[in-house]
Amino acid sequence: MKRVLVLTGGGDCPGLNAVIRAIVKRASKERDWEVVGSIESFNGILREPTEIRILDEKAVAGIHIQGGTIIETTNKGGPFAWPVKNTDGTWSAVDRSDEMIRKLQYLGIDAVISIGGDGSQHIAHKLFEKGLNIIGVPKTIDNDLMATDFTFGFQTAVQVATEAVDKLVTTATSHNRVLILEVMGRFTGWIALHAAIAGGAEVCLIPEIPYDVNKIVERLQKRYSRGKGHAIIVVAEGATPINGTVSAKKNEEVGYANLQLGGVSSTLALQLKEAGFEGDIRQTILGHLQRGGIPIAYDRILAAQYGVKAFEMVLAKRFGEMVAYRHPDIISVPLTEAVNRPNLVDATCNMVQTARGLGISFGD
Ligand code: F6P
């Protein structure tokens, strides 16, 4: 019997379970393959005792509609930076990748499918360079991975953000207020841009187009020219004013290497007041609501396509590659293409032009 190990890494995202199910269903068509899952990304392999579970058709029945991941995930540590406590209470990061590859051999793992975002695909690429038979599946609500039209989970996050805009519109009009909605996306503005267009926002602020607060105030004052008004501002968590810095803090959790973004909506509210805007302003941070809950149909379908293709890439020995969506096809691309640089919003792309055509201001 051959064994493929599946793991989910990084922040969770709607559609993870649908990918796992699709891998298992496709693998069950082959007589000589078994699927196992590592609990909490690579941690399940590195821990003693090992935490892996058999993923058969019974284990994955009906999970495509569930949010989260049945094999858990983490965005801390990893095989190249395993946190170890020193005698003085501080922590060091230790490279356990060689040991992990040996353990995978010992466990009879013939191939690994890593479902994750940019961090996880970087790790996958480094492990491939060390000789591991690994394949990537692009996951993230941020849609910031190159080489694929969409990561799964993104469209569900856009749906959640759009529904939030819809709700904010009714309360903003009732109170003649400016309501700011802060959405996720790290250093990209994909969720903000899509939700601003779908929800009909007046202003959309994204990291790729730094904003001038005076321009936003001008726009708001036009909306309030007859004394009353309302406006929705969708702001991506990574947005910055021209020559400004991102709203973020260092997270002290052990093994957490990323900057923790958040708070730009409050900063913006203050900036608008300081720049002379006199109306009421309130802000909402949508946060992890964008990552939880059931995936919409689009993401379930994309996840199914990714899962089936990923297993077929294992059969075809397309290691060191990642499954990708290039409309209308599901293809295989080198992991290097996916992790070279982040997929940023091009300020001249059609989505930005469409938004501008609708009168949405980017504060520039
Ligand atoms: O990458 C997905 C994402 O949800 C980002 O949009 C966000 O900045 C980050 O993860 C939050 O991560 P955490 O799980 O540490 O809160």
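The values are calculated or read from the model by the stated rules, or taken from the named source; none is laboratory data. Only a predicted model underlies this, so the values are computations on that prediction, with no experimental measurement involved. Note: ideal-geometry Cβ built from the backbone for every residue, glycine included; neighbour counts use all protein chains shown.
Assorted remarks:
- Under the condition of being assigned to a strand (DSSP E or B) and crowded, with 23+ Cβ neighbours inside 10 Å, the residues counted in region 163-217 number 11.
- Test: residue in region 78-101 that is assigned to a strand (DSSP E or B), of a type outside the set (A, V, I, L, M) and closer than 19 Å to residue 335 by Cα: no
- Neighbours by Cβ (under 8 Å, 6+ apart or cross-chain): first from region 238-257, assigned by TED's automatic domain parsing to the domain that holds residue 212; second exposed (fewer than 12 other Cβ atoms within 10 Å of the Cβ) and of a type in the set (S, T, N, Q): none
- For region 284-304, a tally of residues being part of a helix (DSSP H, G or I) and touching a residue at least 60 places away in the same chain (Cβ under 8 Å) returns 9.
- Considering residues of region 107-121 that are among the small types (Gly, Ala, Ser) and not in a strand (DSSP E or B) only, the residue farthest from the ligand (Cβ to nearest atom): 108
- For region 236-272, filtered to residues that are within 30 Å of residue 79 (Cα to Cα), touching a Pro at 6+ places or on another chain (Cβ under 9 Å) and among the hydrophobic types (A, V, I, L, M, F, W, C), the residue that is surrounded by the most Cβ atoms within 10 Å (Cβ to Cβ) is 246.
- Residue 245 vs. criteria under 25 Å from residue 142 (Cβ atoms) and not in a helix (DSSP H, G or I): yes
- With respect to being among the β-branched types (Val, Ile, Thr) and within 16 Å of the ligand (Cβ to nearest atom), residue 206 fits the description.
- Boolean, residue 45 is in contact (Cβ under 8 Å) with a residue 24 or more places away in the chain, more than 21 Å from residue 288 (Cα to Cα) and hydrophobic (A, V, I, L, M, F, W, C): yes
- If the condition is being out of contact with any Leu (no Cβ under 6 Å at 6 or more places or on another chain) and more than 16 Å from the ligand (Cβ to nearest atom), then region 282-302 contributes 283, 294, 296, 297, 298, 300, 301, 302.
- Residue in region 52-67 that is charged (D, E, K, R), free of Cβ contacts under 8 Å to residues at least 24 places away in the same chain and either touching a helix residue (DSSP H, G or I) at 6+ places or on another chain (Cβ under 8 Å) or within 16 Å of the ligand (Cβ to nearest atom) (or both) present: yes
- Flag if residue 67 is assigned to a strand (DSSP E or B) and under 30 Å from residue 328 (Cβ atoms): no
- Some residue of region 214-226 being over 19 Å from the mean Cα position of the chain (by Cα), on the phi > 0 side of the Ramachandran plot and more than 16 Å from the ligand (Cβ to nearest atom): no
- Single residue of 310, 316 found to be surrounded by 19 or more Cβ atoms within 10 Å (Cβ to Cβ), of a type in the set (Gly, Ala, Ser) and assigned by TED's automatic domain parsing to the domain that holds residue 6: 310
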